[in-house]
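In what follows, a structure is listed as structure tokens, so that the remarks can point back to it.
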Ligand SMILES: [Zn+2]
């Protein structure tokens, strides 16, 4: 059987029969079916606005909760055993920086990494700032602490000059960027009794005018490693306004711990000790509804699970929709951390789907065999056999594909750290498409693979229907393949998938590789 022989026509029996052959599964897997879930996610975000962020499905918001209800409800109705696995996430209220006197103004701001929390009203006290061009600044660098260089441990400095001499206890320190690390400025301010820190941009060059934001976390080995006061940013212009005499301000950085849920759906196979897992993160960023990132992976996986609900597989199937990925892979990390050694050993493999329908897509597979990219992580043995299934499938359809670095920078990280073979698909995020890639996949060179990556415009209009359709088929194909046998991955014998044989060719090899030393070699290998 050739893959082209599979028609896309939906059949009425899709929901009730066992889609236990490639043909049956793929004729039921349609772009329309997957898009229905995307439309549902879009509506969920619109109908459950967050009081602070509006139309979003981010961690801790009503839109995330409603996404969980939607996915879990459909899976339960289809007969899955569904578990809602609680995950602690951090909901951050939008920070505030408001000048109260001598003018009233609300300034654009953001929170520095490593900031403490609090809501503070106080006098704004400039600390050795320099508003006169060329605006050389060592504002806040001299004080109770010092550092040998940025990134080196911050240590006590009992002698020498002090930018904070006479600093009034409890005032808000207004500090200009430049001269030393953000962490040193903040630790010096805190030691001098500041109740909050505003770091404004230096204003010495055009690229130091905008809102200043960065990382104020003290490096490991520092005399103090935890900041206890809020640290917010400001632009050079707003910092200058805050520096005028008689300035008072209100600074607020508040977060709240909330509980979100991973959705885990399981279908027991004949071999409960060989679990085939696939996952997609269900949360978005706060900026928007997250329909490509990652409604696309979530929807394709959901449709796959629903179509496989009546299967009687050899291996146990476990589908996961992760909470809090955008906050640092929280849901998947929490899940793997909660498994016993024995439970980890039972997981044959994990497949990750994060952004599979990018509007300016190229087709990419996690490069488990490191043919293009040397992985910055240890790749568990067997991962390359998952990669091969994806690549052979694209090859069978005559669809060019490329490698993407096996980086661990999505929900498969926790699995590979636990030694579980993994791979996944990706259609690109913020990186611009090259001319060469445009020649291979079409689309627009010079434009990001996903121009709405992490933006409000990641809506139902931000998905390429063809890319989503191809990848949804492949997600279903791979799940069915491993539902019957994971022998190529972990040596556990299984059975052939029933029905007509789907003979996969050798992978054709990556095309259009855009980065890394392997690029030339990979392309050369095609000739
Ligand atoms: Zn994502």
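The values are calculated or read from the model by the stated rules, or taken from the named source; none is laboratory data. These numbers come from a predicted model, not from an experiment. Cβ: placed from backbone, ideal geometry, glycine included. Neighbour counts: every protein chain shown.
Tabulated data for the structure shown
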read-out: Candidates 221, 203, 228 - the one that is surrounded by 24 or more Cβ atoms within 10 Å (Cβ to Cβ) and touching a residue at least 60 places away in the same chain (Cβ under 8 Å); value: 203
read-out: Which listed residue is in the same structural domain as residue 296 (by TED's automatic domain parsing), at negative phi and buried (at least 24 other Cβ atoms within 10 Å of the Cβ), from 422, 410, 371; value: 422
read-out: Pairs where the first residue, in the stretch 283-312, is without any contact (Cβ under 8 Å) to a residue 40 or more places away in the chain and farther than 20 Å from residue 13 by Cα and the second is within 16 Å of the ligand (Cβ to nearest atom) and not in a helix (DSSP H, G or I), C-beta under 6 Å, 6+ apart; value: none
read-out: Of the criteria (1) crowded, with 24+ Cβ neighbours inside 10 Å; (2) closer than 21 Å to residue 425 by Cα; (3) in contact with a helix residue (DSSP H, G or I) (Cβ under 8 Å, 6 or more places away or on another chain), which one residue 329 fails; value: (1)
read-out: Hey, residue 266 surrounded by fewer than 23 Cβ atoms within 10 Å (Cβ to Cβ), within 16 Å of the ligand (Cβ to nearest atom), outside any helix (DSSP H, G or I) and assigned by TED's automatic domain parsing to the domain that holds residue 67 or not; value: no
read-out: Subset of the stretch 416-439 [under 20 Å from residue 328 (Cβ atoms), more than 16 Å from the ligand (Cβ to nearest atom) and outside any loop (DSSP other than H, G, I, E, B)]; value: 416, 417
read-out: Unmet requirement for residue 158, which otherwise passes all of (1) assigned to a loop (DSSP other than H, G, I, E, B); (2) touching a residue at least 24 places away in the same chain (Cβ under 8 Å); value: (2)
read-out: Selection within the stretch 396-407 - in contact with a strand residue (DSSP E or B) (Cβ under 9 Å, 6 or more places away or on another chain) and either loosely packed, with under 15 Cβ neighbours inside 10 Å or assigned to a loop (DSSP other than H, G, I, E, B) (or both); value: 401, 405, 406, 407
read-out: Matching residues, the stretch 484-513, being under 19 Å from residue 382 (Cα atoms), touching a helix residue (DSSP H, G or I) at 6+ places or on another chain (Cβ under 6 Å) and either outside the structural domain of residue 386 (by TED's automatic domain parsing) or modelled with pLDDT of 95 or more (or both); value: 488, 489, 493, 494, 495
read-out: Evaluation of residue 163 against (1) free of Cβ contacts under 8 Å to residues at least 40 places away in the same chain; (2) surrounded by fewer than 18 Cβ atoms within 10 Å (Cβ to Cβ) (one fails), failing number; value: (2)
read-out: Among residues of the stretch 130-160, those that are touching a helix residue (DSSP H, G or I) at 6+ places or on another chain (Cβ under 8 Å) and buried (at least 17 other Cβ atoms within 10 Å of the Cβ), counted; value: 10
